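Below you'll find the structure, written out as structure tokens, and then a few comments.
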Amino acid sequence: MGTGLDLPLDEVLVGDCIATLKRLPPASVHMIFADPPYNLQLKGELRRPDDSLVDGVDDAWDQFASFAAYDAFTREWLTECRRVLRKDGTIWVIGSYHNVFRLGAAMQDLGYWILNDVVWRKANPMPNFRGRRFTNAHETMIWAARGPESRYRFNYAAMKSLNDDVQMRSDWYFPLCTGGERLRGEDGAKLHPTQKPEALLHRVLLACTTAGEVVLDPFSGTGTTAAAAKRLGRRYIGIERDPVYAAASEARLKLVEPMDEGAVLSLPSKREQPRIAFGVLVERGLVPAGSTLVDRNRRWRATVGADATLRCGAATGSIHKVGAELQAAPSCNGWTFWHLETRDGRLRLIDELRQEIAAQGG
């Protein structure tokens, strides 16, 4: 790129996020997590009843001269993020009620394709000191693909496993960053007012990246994204304009021990699993030609042909077509509908047989 940077892996770069982003190669990162300035309109909501500001926040912190100025800044860094994001990459942007609606509109205007909004519900939110509003107990994360055509990664099986084998919902419950995880200055005060809990980033990274992929945080702060990435075996790039925060990040990252390679691996996504046709089960004798398939309640019995078609009365065709026709349904997932009846009368879901072949590499 001439004056640009080669991809600076596993570094926290000190500098303005937009200027630094412009120097990164295009289509070079797999995922972005952005925690931009919230553009707080203070007017008392971060003041205690004695009029003191909370956690060292001052009137100039995190504010812009106008909504127009904030919107211009937002569009500029989001444009650069989209440029450096790979075609099939995704971005997470976190915000509060002060800014998340403006962030979402800008993302849609710039061509991002929103996949989910995920609510981080805080177990221990900061109270509303003046008692004039509800306690603000959540933040919103927008998860988006680079565009509607993106074949983005979603580690569905890993998320389900993380959630006790129940499909992961879009409301996540985590406490604020506290205790030993919270970075503090020499005076003992919180070093950064909005340090995120590493557990939150653990889930984000596990949801849409895999080992070795590159994660970028353009507002790195105290390095939570980088720390979670390093622990999970991902590569990271942080950008932070405050040298104090950047130095704290570097010190923090030196203490992070990556997980063993075996622990980093997660369940593969459906896209990564080998595509196995029903005919493969027939050819390999797991469901021999002439055997009988039944539904779970044994309402229908279908005979398997040598060419992997099923026949049940007048219905003939694939495992999916015959299942749909028998139920008078528009579609049917034959893998989870049909069972093989064993000699001892037990039923085995044919999808289990497919998984056995997949486990052997197809």
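The values are calculated or read from the model by the stated rules, or taken from the named source; none is laboratory data. Owing to the predicted nature of the structure, the values given are computational and were not obtained by experimental measurement. For neighbour counting, all protein chains shown are included, and Cβ atoms are generated from backbone atoms with ideal geometry for every residue, glycine included.
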inquiry  = I need a count of the residues in the stretch 78-92 that are under 11 Å from residue 31 (Cα atoms) and touching a strand residue (DSSP E or B) at 6+ places or on another chain (Cβ under 9 Å).
reply    = 10
query = Applying the selection to the stretch 230-249, what residues are part of a strand (DSSP E or B) and either hydrophobic (A, V, I, L, M, F, W, C) or not assigned by TED's automatic domain parsing to the domain that holds residue 210 (or both)?
reply = 237, 239
message = Being in a helix (DSSP H, G or I) and either closer than 22 Å to residue 82 by Cβ or not polar (S, T, N, Q) (or both) is true for just one of 205, 216. Which residue is that?
response = 205
remark   = In the set 258, 288, the lone residue that is in the same structural domain as residue 234 (by TED's automatic domain parsing) and either at pLDDT 90 or above or farther than 14 Å from residue 354 by Cβ (or both) is 258
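So that you can scan it fast, the table gives a plain yes or no per residue for (1) in contact with a Gly (Cβ under 9 Å, 6 or more places away or on another chain); (2) part of a strand (DSSP E or B):
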residue: 279; (1), (2): no, no
residue: 289; (1), (2): yes, no
residue: 299; (1), (2): no, no
residue: 303; (1), (2): yes, yes
residue: 308; (1), (2): yes, no
residue: 316; (1), (2): yes, yes
residue: 322; (1), (2): yes, no
residue: 357; (1), (2): no, no
inquiry  = Residues that are of a type in the set (Gly, Ala, Ser), crowded, with 16+ Cβ neighbours inside 10 Å and modelled with pLDDT of 90 or more: does the stretch 161-177 have at least one?
reply    = no
The stretch 163-202: number of residues that are aliphatic (A, V, I, L, M) and either in a helix (DSSP H, G or I) or under 12 Å from the mean Cα position of the chain (by Cα) (or both) = 4
request  = From (1) over 14 Å from residue 202 (Cβ atoms); (2) among the hydrophobic types (A, V, I, L, M, F, W, C); (3) at pLDDT 95 or above, pick out the condition that doesn't hold for residue 248.
outcome  = (3)
ask   = Among 157, 211, 189, 199, which is the only one that is more than 26 Å from residue 13 (Cα to Cα), among the small types (Gly, Ala, Ser) and modelled with pLDDT under 95?
value = 157
remark   = The lone condition residue 152 fails out of (1) surrounded by 17 or more Cβ atoms within 10 Å (Cβ to Cβ); (2) not in a loop (DSSP other than H, G, I, E, B); (3) not β-branched (Val, Ile, Thr) is (2)
query = When you scan the stretch 85-139, how many residues do you find that are assigned to a loop (DSSP other than H, G, I, E, B) and of a type outside the set (A, V, I, L, M, F, W, C)?
reply = 16
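So if I check each of 78, 115, 103, which one is farther than 20 Å from residue 221 by Cβ, surrounded by 13 or more Cβ atoms within 10 Å (Cβ to Cβ) and either touching a residue at least 12 places away in the same chain (Cβ under 8 Å) or touching a Cys at 6+ places or on another chain (Cβ under 9 Å) (or both)?
115
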